[in-house]
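> Questions regarding the structure given below will be posed in turn.
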Amino acid sequence: MSHSILEISQRDEVPTPCYLMDESLLARNLKILDHVQQESGGKIILALKGFAMWSTFPQISQTLCGTTASSLSEARLGMEKFGGEVHAYCVAYRDPEMDFLRKHCHHITLNSLSQWQRFQHHVNQPETTASFGLRINPEYSEVETDIYNPCRKGSRFGITATDLANADASILEGIDGLHFHTMCEQNSDTLERTLEHVEAKFGTYLQTMKWLNCGGGHHITRPDYDTDRLVRLIQHLRAAYDLEVYLEPGEAVALNTGFLITRVIDRFNSDGHPIAILDTSAAAHMPDVLEMPYRPEILGASDPGEKKHTITLGGTTCLAGDVIGDWSFDEDLKVGDRLVFTDMAHYSMVKTNHFNGVDHPAIGRYHHQTDEVIIDRQFTYEDYRDRLS
Ligand SMILES: *Cc1c(COP(=O)(O)O)cnc(C)c1O
């Protein structure tokens with residue numbers, strides 16, 4: 001017997017605040033990703049930047065063949081907890097990082113020609129396992145918010161076609177692949193238009209490459225995502241250039257699989273305005289609510305004014321803006337009530353911080369077959385203390 005997350009969130013065994021991953025929802029996403037891999041012949045790896053809850057890696061690694069890291073620590077986590085292929089892309093590597101990564105990674109992508117020149121001598125050195133690639137900037141993206149747009153003017157990401165053409169032709173000796181990452185929460189029609197630019201500008205280079213990594217930002221597991229088109233695009237790239245094609249989504253792997261369960265710890269009116277304080281925080285536990293910004297969903301709650309009681313939900317930190325937003329409820333909230341925020345697995349968990357010394361949410365999983373809640377991790381004062389000195 002399995003229960004709804006709303007029912008499960010009421011159980012005493014679920015501490016608050018707590019990130020709870022629903023393993024059956026993760027399985028549903030993995031099935032879609034597996035379908036894309038099977039049909040297209042492309043490979044999908046998990047971007048640890050977006051989702052790194054490693055208690056789920058035994059499940060994910062049955063479908064995805066590896067991980068990609070944006071730092072040495074992420075690469076080590078991929079090796080230790082996920083296995084399979086470990087890829088790395090970093091805006092700039094430091095010497096000791098490169099010395100470790102070249103011996104343990106499958107692919108290493110360099111962000112600039114100067115980084116490549118600095119590390120080129122590692123190719124074919126004893127112990128080097130990595131195949132090297134360059135991040136290109138196709139100077140085309142459909143991301144409108146500048147803070148998320150890797151192709152904004154003067155971007156520090158990737159090499160433009162002009163810069164590559166102006167370099168000495170021998171610069172590509174030792175380079176096996178190209179990498180671009182220009183998308184964010186987008187559908188495959190955006191990829192199709194992006195590839196037109198990639199192929200027009202870099203097509204001749206692709207002829208000589210072994211692999212192409214199309215980055216992340218593919219919202220493959222969203223209900224309206226066109227997987228057929230994605231499959232066609234990957235098949236085209238493989239056939240036209242004889243390439244191994246990789247995608248490295250973070251968000252799409254964990255999209256709509258995790259919840260943040262929180263409790264009301266105070267309820268009062270300020271100047272007649274109803275306020276509930278939760279044992280969570282926008283600033284510390286869901287920073288994207290303030291940064292993106294976006295409005296999360298709460299199970300059983302509606303937009304302001306739709307239900308009888310409209311209440312502002314606030315966090316526990318001293319930041320005046322630590323407000324999650326306004327929602328309406330059938331019944332007034334009271335201390336002890338539990339609320340469930342949806343879609344809190346990706347980015348929320350990896351970005352969580354200890355601002356104000358607030359309690360870190362516990363991390364757990366719900367296992368449908370056995371109707372069991374497994375709390376993998378609870379955080380203590382020592383976790384807060386030990387990241388400072
Ligand atoms: C952020 C990032 C990803 C993952 O992006 P999602 O939007 O989570 O799919 C993949 N590759 C690179 C280089 C990134 O910077």
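The values are calculated or read from the model by the stated rules, or taken from the named source; none is laboratory data. Remember, it's a predicted structure, so these values are computed and weren't measured experimentally. Neighbour counts are summed over all protein chains in view; Cβ atoms, including those assigned to glycine, are modelled from backbone coordinates with ideal geometry. What goes into the accessible areas is simple: the full protein's heavy atoms, side chains included, and nothing from ligands, DNA or RNA. Shrake-Rupley method; radii C 1.70, N 1.55, O 1.52, S 1.80 Å.
> Report, by residue number, each residue of segment 212-233 that is outside any loop (DSSP other than H, G, I, E, B) and either open to solvent by 10 Å² or more (accessible area, probe 1.4 Å) or away from the ligand (no atom under 16 Å from the Cβ) (or both).
Hits for segment 212-233 are T227, D228, R229, V231, R232, L233.
> If we keep just the residues of segment 120-157 that are of a type in the set (D, E) and at pLDDT 95 or above, which is surrounded by the most Cβ atoms within 10 Å (Cβ to Cβ)?
E142
> Okay, next question. Among the residues of segment 69-98, write down those that are assigned to a strand (DSSP E or B) and either free of Cβ contacts under 8 Å to residues at least 60 places away in the same chain or open to solvent by 10 Å² or more (accessible area, probe 1.4 Å) (or both).
Once the filter is applied, which keeps residues that are assigned to a strand (DSSP E or B) and either free of Cβ contacts under 8 Å to residues at least 60 places away in the same chain or open to solvent by 10 Å² or more (accessible area, probe 1.4 Å) (or both), segment 69-98 yields A69, E85, V86, A88, Y89.
> In segment 6-44, what residues are open to solvent by 50 Å² or more (accessible area, probe 1.4 Å), over 27 Å from E85 (Cα atoms) and part of a strand (DSSP E or B)?
none
> Out of the residues in segment 158-187 that are in a loop (DSSP other than H, G, I, E, B) and either of a type in the set (D, E, K, R) or touching a residue at least 60 places away in the same chain (Cβ under 8 Å) (or both), which is surrounded by the most Cβ atoms within 10 Å (Cβ to Cβ)?
H181
> Got at least one residue in segment 325-344 being within 16 Å of the ligand (Cβ to nearest atom) and under 16 Å from C18 (Cα atoms)?
Yes.
> Tell me, which strands (runs of 3 or more DSSP E) lie completely within segment 275-389 with 2 or more residues that are in contact (Cβ under 8 Å) with a residue 24 or more places away in the chain and crowded, with 17+ Cβ neighbours inside 10 Å?
Strands (runs of 3 or more DSSP E) meeting the threshold: 309-314, 323-329, 338-341, 362-367.
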